[in-house]
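Here's the structure we're looking at; comments come further down.
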Amino acid sequence: MSDSHKDISGAEALDKIKEIVGHSRTCQMLTNLTHRPICSRPMGVQKMDEQGRMRFLSHKSSKKNVEISASNEVQLEFINDSDLEYLSLYGTAEIYRDQKEIDELYSKFADNWFDGKEDPNITIIRFTPVEGRYSDTKHGKFAQYVAMISGAITGKNGSDGIEGQISI
């Protein structure tokens, strides 16, 4: 295994997930994973707990809710180009309604989709990660670019990136 590959699990995997999701709270949520083309839509993480489970607000009659009800397998794709961080997570999702939790998660931004936090159409999607892949830089974006330029000049691998499998 090269220095650019490191599989991680347990607490280290959760820390990596929290780090990347903390920098890029918007992701692509993919549902209906066995159908082509795979359904994908942008979603904003409203909250992430210590186990790496993420909450999203969703309309109860949305296509994603219908698809999750049929198959709870979901893929999340996080891209943070500004820091060269990428995360793909596979896991399961459940849909539920809990007004106390909705009150906690709701923001004025959600008014674009709902009629206030009391809207009976609001549901929560809770995503639980199982496994995934990550890719980021070891020493930050600037060091990555310097390493790539050096590699282009010397003809040697200039990547300062690291990637690997995540197991929860």
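The values are calculated or read from the model by the stated rules, or taken from the named source; none is laboratory data. Because the structure is predicted, anything quoted here is derived from the model rather than measured. Every residue, glycine as well, gets a Cβ built from its backbone with ideal geometry; the counts of neighbours run over all protein chains shown. Accessible surface areas use protein heavy atoms only, side chains included; no ligands, DNA or RNA. Shrake-Rupley method; radii C 1.70, N 1.55, O 1.52, S 1.80 Å.
Expressed as a whole number of Å, what is the distance separating the alpha-carbon centroids of the range 27-77 and the range 99-128? Cα centroid to Cα centroid, the span is 15 Å. Computed with a 1.4 Å probe over protein heavy atoms only, the accessible surface of the chain comes to 55 Å² per residue. Dipole magnitude for the chain: about 340 debye, using +1 per Lys or Arg Cβ and -1 per Asp or Glu Cβ, origin at the Cα centre. The simple spin-label model puts a point 7 Å past each Cα toward its Cβ; for residue 111 and residue 79 those points are separated by 3.1 nm. Could you check how much of the accessible area of the chain is carbon and sulfur, as a whole percent, using a 1.4 Å probe? That share works out to 52 percent. When shorter helices are ignored and each DSSP H run of at least 4 residues is given -39500 (n - 2.57), the per-residue value for the chain at 222 nm works out to -7500 deg cm²/dmol. All C-alpha to C-alpha distances of the chain, sorted into 5 Å bins beginning at zero, yield P(r) values of 2, 8, 16, 18, 17, 14, 10, 7, 5, 3, 1, 0, 0 percent in whole numbers.
Less than 5 angstrom separates the built amide H of residue 98 from those of 124, all sequence-distant by 5 or more or on a different chain. Across the range 84-90, rounded Karplus estimates of 3J(HN,Hα) from the backbone phi angles (6.51 cos²θ - 1.76 cosθ + 1.60, θ = phi - 60°) give 6, 10, 9, 9, 10, 10, 10 Hz, Gly and Pro being marked x.
Give 60/100; 18/47; 16/47; 18/108; 18/100 a once-over and call out the pairs whose C-alpha atoms are over 19 Å from each other. Check vs 19 Å cut-off fails for 18/108; 18/100. For the chain, the share of DSSP beta bridges that are antiparallel, to the nearest 5, is 95%. Taking amide H as placed 1.01 Å from N in the peptide plane, the amide H of residue 72 sits under 5 Å from none that are at least 5 places away or on another chain. Please work out whether the range 77-130 counts as rounded, prolate or oblate from its C-alpha gyration tensor, where a ≥ b ≥ c are the square roots of the eigenvalues and a/c under 1.5 means rounded, while otherwise a/b larger than b/c means prolate and anything else oblate? Because a/c hits 1.5 or more and a/b fails to exceed b/c, the range 77-130 counts as oblate. Here the Karplus relation 6.51 cos²θ - 1.76 cosθ + 1.60, evaluated at θ = phi - 60°, turns the backbone of the range 32-49 into coupling constants of 6, 5, 8, 9, 10, x, 5, 6, 9, 8, x, 9, x, 5, 8, 6, 10, 9 Hz, with x for every Gly and Pro.
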